[in-house]
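In what follows, a structure is listed as C-alpha cells, so that the remarks can point back to it.
The values are calculated or read from the model by the stated rules, or taken from the named source; none is laboratory data. Since we're looking at a predicted model, the values are computed, not measured. With ideal geometry, Cβ positions are generated from the backbone for all residues, glycine too; neighbour counts draw on all protein chains shown. Heavy atoms of the whole protein, side chains included, go into the accessibility calculation; ligands, DNA and RNA do not. Shrake-Rupley method; radii C 1.70, N 1.55, O 1.52, S 1.80 Å.
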Amino acid sequence: MLMPRLIHKLTLLFLFLSLTTATITQQFKEAPQFYNSPDCHSIDQDGIDSDSESDGDKTIFCSEHAVHVAMTLDTAYIRGSMAAILSVLQHTSCPQNIAFHFVASASANTSLLRATISSSFPYLNFRVYTFDDSSVSRLISTSIRSALDCPLNYARSYLANIIPLCVRRVVYLDSDLVLVDDIAKLAATPLGEQSVLAAPEYCNANFTSYFTPTFWSNPSLSLTFADRKPCYFNTGVMVIDLDRWREGDYTTKIEEWMELQKRIRIYELGSLPPFMLVFAGDIVPVDHRWNQHGLGGDNFKGLCRDLHPGPASLLHWSGKGKPWARLDANRPCPLDALWAPYDLLQTPFALDC
C-alpha cells in the first residue's frame, strides 16, 4: 500500500527538481485525505457524457451534484491557496464531490503549480486552466494598490469562457480566505429566476466613493444606476450561474466599462468597480457569515481588525495585510491565529513522522 504513494511522491519530487524555471521556493506538507459521509451523492454513478480530458475524470467535472469551486493560482499567493483548499475539504461533508477549477496566467509555470497542488493533495479533483492575461492587460488601469493591477485579478470576469461549458454553476473564492463551514451550503444559494450571481452585499458602505467625481457628474454615466438600488458587494466570494453569464455576455459588458476607464478616469479600485457597474443592485445578497471580510486591514496600511458581529462561516483577509506575510514577519494580528492551522508550509528541519 505504501509503494504507490512513495512512487507518487518521488515522481513529484523529480518534477520539482527538473523545473529549473520554477519560482516557488516554498515546500508544503501533504494534507490528510478526506472522505465523503455516507449520505453523499455518488458522482461515479452519474454517467455523464462530456468533452472531458479522459473517461476517468469527466464525471466529477461536469456533474451537477458536484460543488464546483473556481480560484486563481499563482506563485505569489500559493500559500494562501493551499490553506483555502484545505479549509474547504476539512469542513465539507462531501469532500470527494468537490471539483476545483484553478486559473493560472498563461505566462506562469503551470506544470509546477499543478505539481505543487498534487503533492499536498494527491486525491484532489482539480484542473488548471491557463488565462491569456495579455488580452486583459491592455484594458487595465492603474489603481490605488499595485497588487490590484495584476491581470490574474481580472480572471473572475472570464470564468464563463475558461471553465468547460458543462459547468453551470461555480463558487468563486479568493486565495486569502478560509472556510469554517460546509461550502455546499454556500453553493446552494438560490439565484431565483434571473439573477446571475450572489455575493456578500454591504449597503451601509459609501457606494459613491467607489467612483470618481467625473463619473457622478456625467449624467450619461451616473444614470447607469437609475433603475437600481446599488450597493457595494465583495467579488472575492461569489456564486455564479455560468449559463446565465454566457447568455448575457457579461464579460463583454465588463470589458466595455474597462475600455471607457482607459479614456476617462471613472474609478480607482482595480477589478471591483466594473463588476459593480454591471451587477450592483441586481445580485442576490449572501449572508454576511460567508464573508467575515477586511481581516487584512485597508488597502494602504493593512492594520489589524476585529471580527464583525455575528456568526462566521468564512474568514476573509481582504485588504493589504495577508496572514502568512505577517506571521513570517513575526508581526501577526490576533486573528491571524485563525488562519495558521490551515497553513501547509513545510517549516525547515521539520521531520516527517
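Overview of values
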read-out: Single unsatisfied condition, residue 304 versus (1) farther than 30 Å from residue 208 by Cβ; (2) touching a Cys at 6+ places or on another chain (Cβ under 6 Å); value: (1)
read-out: Wholly enclosed strands (runs of 3 or more DSSP E) of region 236-326 bearing at least 1 residues within 26 Å of residue 135 (Cα to Cα) and either modelled with pLDDT of 95 or more or in contact with a helix residue (DSSP H, G or I) (Cβ under 7 Å, 6 or more places away or on another chain) (or both); value: 237-241
read-out: Among the residues listed as 186, 159, the single one being touching a helix residue (DSSP H, G or I) at 6+ places or on another chain (Cβ under 6 Å), open to solvent by less than 60 Å² (accessible area, probe 1.4 Å), in contact (Cβ under 8 Å) with a residue 12 or more places away in the chain and closer than 30 Å to residue 76 by Cβ; value: 186
read-out: Which listed residue, of 116, 110, is buried (at least 22 other Cβ atoms within 10 Å of the Cβ) and hydroxyl-bearing (Ser, Thr, Tyr); value: 116
read-out: Failed criterion for residue 141 (all others in (1) farther than 22 Å from residue 268 by Cα; (2) touching a residue at least 24 places away in the same chain (Cβ under 8 Å) hold); value: (1)
read-out: Positions within region 291-312 being of a type in the set (A, V, I, L, M, F, W, C) and open to solvent by 20 Å² or more (accessible area, probe 1.4 Å), in sequence order; value: 300, 303, 304, 307, 312
read-out: Selected residue [modelled with pLDDT of 95 or more, among the polar types (S, T, N, Q) and surrounded by 11 or more Cβ atoms within 10 Å (Cβ to Cβ)] from 33, 26; value: 33
read-out: Per-region count, region 164-203, residues more than 12 Å from residue 285 (Cα to Cα) and not acidic (Asp, Glu); value: 21
read-out: Enumeration of residues in region 111-135 that are without any contact (Cβ under 8 Å) to a residue 24 or more places away in the chain and either part of a strand (DSSP E or B) or within 29 Å of residue 259 (Cβ to Cβ) (or both); value: 135
read-out: Residue that is at pLDDT 95 or above and either touching an Asp or Glu at 6+ places or on another chain (Cβ under 6 Å) or of a type in the set (Lys, Arg) (or both), where the choices are 168, 138, 145; value: 168
